[in-house]
Amino acid sequence: METQDQVADDSISSDRELANARWWHKQDGRVVCDLCPRHCALKDGDFGFCFVRQNKGGVLKLNTYGRSTGFCIDPVEKKPLNHFYPGSSVLSFGTAGCNLGCKFCQAWEITKSRTVLKRLSQKATPEMIAEAAVQLHCQSVAFTYNDPVIWSEYAIDTAKACHDRGLKTIAVTAGYICPEPRKEFFEVMDAANVDLKGFTEDFYQHLTLAHLEPVLDTLRWIANESSVWLEVTNLVVPNANDDMAVIRKMCEWIYDELGPDVPLHFTAFHPDYRMMDTPPTSPGALVQARAVASEVGLQYVYVGNVDDPSRQSTYCPDCGELVVARRWYDIGAYHVKGNACEFCGRSIAGHFLDQPGHWGTRRVRVDPSELLRAM
Ligand code: SF4
């Protein structure tokens with residue numbers, strides 16, 4: 001938990017309209033946040049660990065509602081989601097802060113740097129975002145860049161506005177959320193990529209400052225109790241979570257608890273934040289992890305952040321034919337018809353149109369307020 005004094009330099013609440021937050025109760029004169037398993041107990045003026053939720057006069061407030069660090073149109077494969085309308089474009093945005101404390105964070109400028117709150121310049125209401133996504137011909141809107149769990153109120157309102165306009169919604173998250181808000185949050189999401197950062201409690205405790213079990217609980221719940229399309233990402237960090245015996249256990253758990261057809265992405269780490277002395281993940285480690293997952297029986301396993309087209313493509317689990325060719329975020333050959341393999345008719349898990357999108361690898365910055373003003 002951070003105190004007000006620790007963040008006073010940033011003056012983050014003085015010039016900002018604060019939104020009422022949900023999911024909290026009062027106990028022993030403190031406000032206790034019930035959004036994530038940290039349950040921060042906040043004295044008046046305190047900020048939570050995520051530094052975007054604050055006890056302000058005995059009421060929990062969210063200081064990033066309607067504010068973003070920026071909007072981009074990305075390919076859906078960048079989330080990463082390989083089985084959710086391949087080739088389509090996604091209006092993506094995030095805010096600031098995070099409820100995990102990963103020492104290997106690959107986006108620490110927006111998740112950990114408190115000065116980012118001063119740069120939350122792009123003001124956008126849920127309706128503005130949905131309208132912009134329609135005008136930009138995006139298939140979906142993604143809540144990403146930082147974990148949307150900590151700004152659930154804003155993400156949920158935006159997802160509802162998107163659904164009203166016929167758009168799909170995507171959450172990119174570490175899944176560290178309590179059961180009650182989890183239901184409301186994922187009810188309005190069509191797809192999610194959940195980061196399973198490791199598979200030991202020790203790893204979670206020491207390198208993410210969180211716990212493993214709540215994440216496993218979220219994964220089980222999404223896979224078995226919701227209609228959200230689920231893909232899982234594991235960032236392979238050298239000498240931290242790259243023990244192949246542990247990766248095998250993780251894959252066995254995914255097979256048993258989530259099912260063999262949940263796509264799994266092994267992605268490469270690059271030195272960042274507090275792990276600058278750790279080397280980047282070797283392509284060989286990703287290849288090995290993918291081979292372990294395939295041996296266990298997972299049907300759709302991918303490698304990411306490296307140039308490896310054959311391991312970024314989708315193959316039919318029955319006939320073995322290439323059904324979606326990919327190189328990074330570019331779609332090549334495409335043989336899915338009626339959500340099934342064009343060669344043998346076997347169903348391919350996920351959501352596929354008969355033709356892929358053609359967004360390609362582009363990443364285009366947009367400002368919804370500018371866009372809508374110009375119309
Ligand atoms: S969402 Fe933020 S304030 Fe709430 S419990 Fe989690 S870290 Fe603490």
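Readers should treat all values here as calculations from the given coordinates under stated rules, not as data from a laboratory. None of the values given here were measured: they were computed from a predicted structure. Positions of Cβ are generated from backbone atoms using ideal geometry, with glycine treated the same way; all protein chains shown enter the neighbour counts.
Compute the length gained on full extension between Lys160 and Glu187: take 0.36 nm times their separation in residues and subtract their Cα-Cα distance, giving the result in nm to one decimal. Don't skip to the end; give the middle numbers.
On the way: separation 27, 0.36 × 27 = 9.72 nm, distance 0.98 nm.
Length difference between fully extended and current span is 8.7 nm.
Mean sequence separation of contacting Cα pairs (under 8 Å, at least six apart), scaled by the length of the chain, corresponds to a relative contact order of 15 percent.
Trypsin sites (Lys or Arg not before Pro), restricted to the stretch 174-204: which are DSSP loop and have at most 12 other Cβ atoms within 10 Å? Answer in residue order: no site qualifies.
For the stretch 290-357, divide the Cα radius of gyration by the Kirkwood radius and give the resulting Rg/Rh value with two decimals. Provide the component values of the computation, followed by the final result.
Working: Rg = 11.8 Å, Rh = 12.4 Å.
Taking Rh as the inverse mean 1/r over Cα pairs, Rg/Rh reads 0.95.
In a simple Cβ point-charge model (Lys, Arg +1; Asp, Glu -1; nothing else charged), the chain has a dipole of about 760 debye relative to its Cα centre. Beta bridges per DSSP, both residues in the chain: antiparallel share near 55 percent. Provide the percentage of antiparallel DSSP beta bridges, counting only those with both residues in the stretch 64-203; round to the nearest 5. Among the beta bridges of the stretch 64-203, antiparallel pairing accounts for roughly 40 percent.
What translational diffusion coefficient, in µm²/s and rounded to a whole number, does the Stokes-Einstein relation yield for the stretch 318-369 at 10 °C and a viscosity of 1.306 mPa s, taking the hydrodynamic radius as the Kirkwood radius over Cα pairs? Don't skip to the end; give the middle numbers.
Working: Rh = 12.6 Å.
Using the Kirkwood radius from Cα pairs, D works out to 126 µm²/s.
Between the stretch 182-222 and the stretch 161-181, the C-alpha centres lie 14 angstrom from each other. A Gaussian network model of the chain, with springs between Cα atoms under 10 Å, assigns the largest mean-square fluctuation among Val364, Val52, Val215 to Val364.
Kirkwood hydrodynamic radius computed over the stretch 67-364 comes to 19.3 Å, based on all pairs of distinct alpha carbons. Dividing the helix sum by the residues of the chain, where each DSSP H run of 4 or more adds -39500 (n - 2.57), gives a mean residue ellipticity at 222 nm of -6500 deg cm²/dmol.
Overall, the anisotropy analysis places the stretch 213-300 in the prolate class: the square-rooted eigenvalues a ≥ b ≥ c of its C-alpha gyration tensor yield a/c not less than 1.5, with a/b exceeding b/c.
From the cross-link list Lys160/Lys183; Lys79/Lys197; Lys43/Lys160; Lys123/Lys160; Lys160/Lys337; Lys168/Lys197, which pairs have alpha carbons spaced over 21 Å apart?
Working: Lys160/Lys183 14 Å; Lys79/Lys197 15 Å; Lys43/Lys160 33 Å; Lys123/Lys160 18 Å; Lys160/Lys337 30 Å; Lys168/Lys197 26 Å.
Over 21 Å Cα-Cα: Lys43/Lys160; Lys160/Lys337; Lys168/Lys197.
Rg and Dmax, both from the Cα atoms of the stretch 251-319 and both in Å, are 13.4, 45.
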